[in-house]
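Visitor: Before anything else, here's the structure in question.
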Amino acid sequence: MANCCGATRCNCRVTAGPGVTVDGNGAPDTPYVISADGAALETADSNCIALTGDGTTGAPLTATPVIDPAPGNALSCGPDGLLVTPGAVSCDDVRPCLSAGDGIAYDNTTGIISARPSTDAGNTLGFGTDGGLLVPAPADTTALEAADTTTVDSTVSGTGSVGDPFVVSAAVILDAAPPGGGTNLINSGPDGLYLECEQVRGCLTAGAGITYDDTTGTIAADDTVVQAGTGVTVTGTGSPADPYEVSAVPPETGCGLTGDGSTGTPLAASVAAWPYPCDIDAQAGGVYCDSNGELRSEPRGSITYVQDQQVLDVADVAVPAALDTEVATHTLNVVNPDPCRPAFVIMEGEVDADFNLPAGAGAALGIATDEMSYLRNSGTTAILDTHIQGTKVVPGIPGGGTIPPGGSVPFTLSIRMGRGSGGATYNRVQSFLRAYIIVL
């Protein structure tokens, strides 16, 4: 470079490569200036690292870890690096990561890890009182002794080894001389202890009213006493010629019962004859027994009346010219008060409307699709606040006018006007809905 540059300028060629810029011509007053071009530094992020900056002094290249924002991720970036803070991971998150291998029992719900002894036959490995594994100590052959009682004679043989196991024997001791004297009735046979019937029968004797045969062991009544209780009569002496005869006294009956309970006159309900021309099996109601044992008839019928009023005050509204135009509705929720049977409902609607009729004006009022009334002012002056009132029975309850037991049905009345002419208006519509609820 020193040989290449003179006092005025440098004839050496300086070319900028990638990421570098060259300014000046090499003269003393315009020397070459070589600079790094930050824009030429390319960065690329990965799934876990994000890069920022262009490598210049003001914007150094920086790598930042990428933390997955998925719910439950306990990983975070602290001032000294990546960390999982205490409490961020619960036991429930960690326990499913473990499983049990051979010889281990593991509960991934509670996290308890314990030893699992084999279930193979002959395995003596178990758990001690402190929870540790143990193998039971072998039996102490010198500690096994047999003790006699006054009724059992016991003996022990053998050494307790596998080839010579312990054998415990017991024999019942029969007293040859009972303290009260006489003979001991207990015998010892090949299948156990026993008593002979002949030996026992002699221990019994017959008392009052009993006959006893100590040879056959037969016990029979001697003198039988039969006593009549309430509602019973007893006749006869109990002999073959005059046997006892036990009879029931007919019970007393009150209202609603007949008969005495005998075969010819059994107890029966006292009822009147069916007075109607229809078939009793097809048309009669029922009689039922309640929780107190009392007879009950079918539920009583009822007739209920419900009314609802609606008043609509409006500014003068033009009467529609078209026929049967709906101008208002009135709704009533009809409830069946009977929890047992359906109700039949008759709905009646009443509508009263106030009209202002200039000279020559006309207006009509209707209920549902039925035009009930029409007014026309044939005079030369206006008629103010004249009214039309109409009433009719209106259908609208589904199912033929019935409501199921305990149910309810909303009924809506349609109020209509039409044939409005000559500037006719209305300013008030009053309506009544009346429901006649019949339960039979």
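The values are calculated or read from the model by the stated rules, or taken from the named source; none is laboratory data. Worth saying up front: this structure is predicted, and the values here are computed from it rather than measured. Methodologically, a virtual Cβ is constructed for each residue, glycine included, from the backbone with ideal geometry; neighbour enumeration extends over all protein chains shown. Heads up: the accessible areas ignore ligands, DNA and RNA and are worked out on the full protein's heavy atoms, side chains in. Shrake-Rupley method; radii C 1.70, N 1.55, O 1.52, S 1.80 Å.
Visitor: Quick check for you: with a 1.4 Å probe and neighbouring chains kept, what is the accessible area per residue of the chain, in Å²?
Guide: Per residue, the chain has 68 Å² of solvent-accessible surface.
Visitor: Can you give me the long-range amide H partners of residue 173? Hydrogens built in the peptide plane at 1.01 Å from N, cutoff under 5 Å, separation of 5 or more residues or another chain.
Guide: Excluding prolines and chain starts, which carry no amide H, the hits are 152, 153.
Visitor: Given just the C-alpha atoms of segment 295-415, how large is their convex hull per residue in cubic angstrom?
Guide: Cα-based convex hull of segment 295-415, divided per residue, equals 105 Å³.
Visitor: If one computes P(r) from the Cα atoms of the chain, what percent of pairs lie at distances over 39 Å?
Guide: Summing the P(r) of the chain above 39 Å gives 77 percent of all pairs.
Visitor: Please state the charge dipole magnitude for the chain, taken about the Cα centre, from unit charges on C-beta atoms (+1 on K and R, -1 on D and E), reported in debye and rounded to the nearest 20.
Guide: The dipole of the chain has a size of about 2720 debye.
Visitor: Could you look at segment 295-392 and say what percent of its accessible area is carbon and sulfur, using a 1.4 Å probe and all protein chains?
Guide: Reported share for carbon and sulfur atoms: 53 percent.
Visitor: Here's something else I'd like to know. Grab the DSSP H runs of the chain that are 4 residues or longer, score each as -39,500 (n - 2.57), total them, divide by all residues and round the 222 nm result to the nearest 500 deg cm²/dmol.
Guide: Taking each H run of at least 4 residues, the total per residue is -500 deg cm²/dmol.
Visitor: Can you find, among 51, 94, 106, the residue farthest towards the positive end of the dipole of the chain? Put +1 on the C-beta of Lys and Arg, -1 on that of Asp and Glu.
Guide: Value: 51.
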